[in-house]
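Note sheet for the following structure.
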Amino acid sequence: MKNPEAQQDVSVSQGIRVMFYMMKPNETSFQTLEEVPDYVKKATPFFISLMLLELVVSWIHKGKPPGRLDDALTSISAGVLSRLPSLFFRSIELTSYIYIWENYSLISLPWDSPWTWYLTFLGVDFGYYWLHRMAHEVNIMWAGHQTHHSSEDYNLSTALRQSVFQIYTSWIFYSPLALFIPPSVYAVHLQFNLLYQFWIHTEVINNLGPLELILNTPSHHRVHHGRNRYCIDKNYAGTLIIWDRIFGTFEAENEKVVYGLTHPVNTFDPFKVQFHYLVYIWTTFWATSGFFNKFSVIFKGPGWGPGKPRLGLSEEIPEVTGKEVPFSSLASQLLKIYAVVQFALMLAFYEDTFADKAALSQVTLLLRVCFIILTLTSIGFFLDQRPKAAVMETFRCLVFLMLCRFGHLKPFIPSLSFAFEIFFSICIAFWGVRSIKQLASGPWK
């Protein structure tokens, strides 16, 4: 929000409860938008804590982790990418809402009324249902949302696999609320609705009994992430599953769910994960003849084709056997450990950048964002075993040292500056040699 210093603090108790939408109106009602805490930003330690708890529970009950390292890194990478624009701009979901509120609002409901709070809860959740449904039924919106469905695992890290550009259409579905709901109330529930959906991305929780009738639960959302035919276009709920029951899109979990896209993307490259479907739409658009057919490529369903229904034919959805093998990286364990170390360092700089963004120049912010993107790309190259991975990593390490030398990046522990320089210098030497060997003898293995 505009002025971080004016925001209310969030206690540990509130931080835990906000993840489950268990907050009260009297502790989350604010008169101005500037007072509204950035609950999503403050949720990072709770994301990490819950993912560690899921890991422990899965290991105890199943004897294995809840997912694969390469997939988890890709999911978190998508989450990082999706948040980077907020370093420079206020969310379009807020800016558009404020514009409508200031110019077209019909009435102003009291910001401190519990009735306004609960009405906004229902309104945001109802808007999310239709946003989510259209993100599956309109091809250009699916181009953004497919990122979230591209994981072939289903765990808490999957919840972080967010689209960079879905937010640029989502604001449309919340706009009617701006005719009567104050922006500060809307901003609270927009965050709560998003945060609630984190914990339902897990396989360690089975059935929640009577709560399954009203709430969106892990069981219901597992169905939504399935590529089984019975799972397609079902359970769009954010917090309340009642919308799916009302509008005929509910499906209970029965046979084993196989996760991911019906046509898996088979990559850990963060940019391919985000944008590959836009490229597909572009090529399909130009390969399709006729104005109305071209229009349909963009605005009808992902399964549409000339002569087919708006959402395509269900019989064309590939059947699953239950024996599908998720796409996995062929990188060595040592290389994966190296990727994790570099990823952890990047996350530390990422968190530091968000914490200090008010004090950083626009040039420094831009250079840090470029370094973060470069790091995510390099790790994706490693996991995909791309031929130019060694060259990319050599360049990335050189960029790191240059940014440190000119003061745009600083180790979070100043006394470690020299150690960082030594470490990255060794990395440059190692990957530089690999790059030279690669250029001399062919693709790097």
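The values are calculated or read from the model by the stated rules, or taken from the named source; none is laboratory data. Computed from a predicted model, the values in this text were never measured in an experiment. Using ideal geometry, Cβ is built from the backbone for each residue, glycine included, and neighbour counts are taken over all protein chains shown. Quick note on the areas: whole protein, heavy atoms, side chains included, nothing else; ligands and nucleic acids left out. Shrake-Rupley method; radii C 1.70, N 1.55, O 1.52, S 1.80 Å.
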Kirkwood hydrodynamic radius of region 184-329, Cα pairs, Å: 17.7
Length added when fully stretched, TYR280-GLU34, from 0.36 nm per residue minus Cα-Cα: 84.5 nm
Convex hull projection area averaged over all views, region 175-256, Cα basis, nm²: 6.3
Long-range amide H partners of TYR259 with built H, under 5 Å: ARG227
Principal semi-axes in Å for region 83-180 [√(5λ), Cα gyration tensor, largest first]: 28, 16, 14
Prolate/oblate/rounded label for region 243-356 (Cα gyration tensor, a/c 1.5): prolate
Simple Cβ-charge dipole of the chain, Lys/Arg +1 and Asp/Glu -1, about Cα centre, in debye nearest 20: 1200
Theoretical FRET efficiency, 1/(1+(r/R0)^6), r = Cβ-Cβ of ARG405 and MET22, R0 41 Å, to 0.05: 0.30
Cβ-based charge dipole, region 205-273, positive-most Cα from LEU213, PRO270, ALA237: PRO270
Förster radius 30 Å - calculated FRET efficiency between LEU261 and LEU439 (Cβ-Cβ, nearest 0.05): 0.25
Three-way shape call for region 55-113 based on the alpha-carbon gyration tensor, with the a/c threshold at 1.5: oblate
Pairwise centroid distance, computed over Cα atoms, of region 367-445 with region 30-73, Å: 28
Label-point separation, GLU351 to ARG229 (7 Å along Cα→Cβ), nm: 4.7
Largest-first principal axis extents, alpha carbons of region 141-195, Å: 41, 22, 12
Shape metrics for the chain, restricted to C-alpha atoms - Rg then Dmax, Å: 22.9, 71
Region 294-373 - Kirkwood radius from inverse mean 1/r over Cα pairs (Å): 17.8
Distance between modelled label sites at PHE271 and SER11, nm, 7 Å Cα→Cβ extension: 4.7
Virtual paramagnetic centre 7 Å along Cα→Cβ of LYS388, amide N under 17 Å, in region 264-306: 268-273
Range of Cα positions in region 326-434 per principal axis (Å), largest first: 42, 30, 21
Additional length obtainable on full extension of the chain from ILE413 to LEU334, 0.36 nm per residue less Cα span: 25.8 nm
Rounded percent of accessible protein surface that carbon and sulfur make up, the chain, 1.4 Å probe: 67
Protection proxy ranking, peptides 148-154, 29-35, 191-197, 310-316, average beta carbon neighbours within 10 Å, highest first: 148-154, 191-197, 29-35, 310-316
Cα gyration tensor shape for region 111-261, rounded if a/c is under 1.5, else prolate or oblate: prolate
Simple label model, 7 Å out from Cα along Cβ direction - TRP59 to ARG310, nm: 4.9
Globularity ratio of region 18-142, using Cα Rg and 2.2 N^0.38 Å: 1.36
Packing-based ranking, highest mean first, of 359-365, 178-184 given that Cβ atoms within 10 Å are counted: 178-184, 359-365
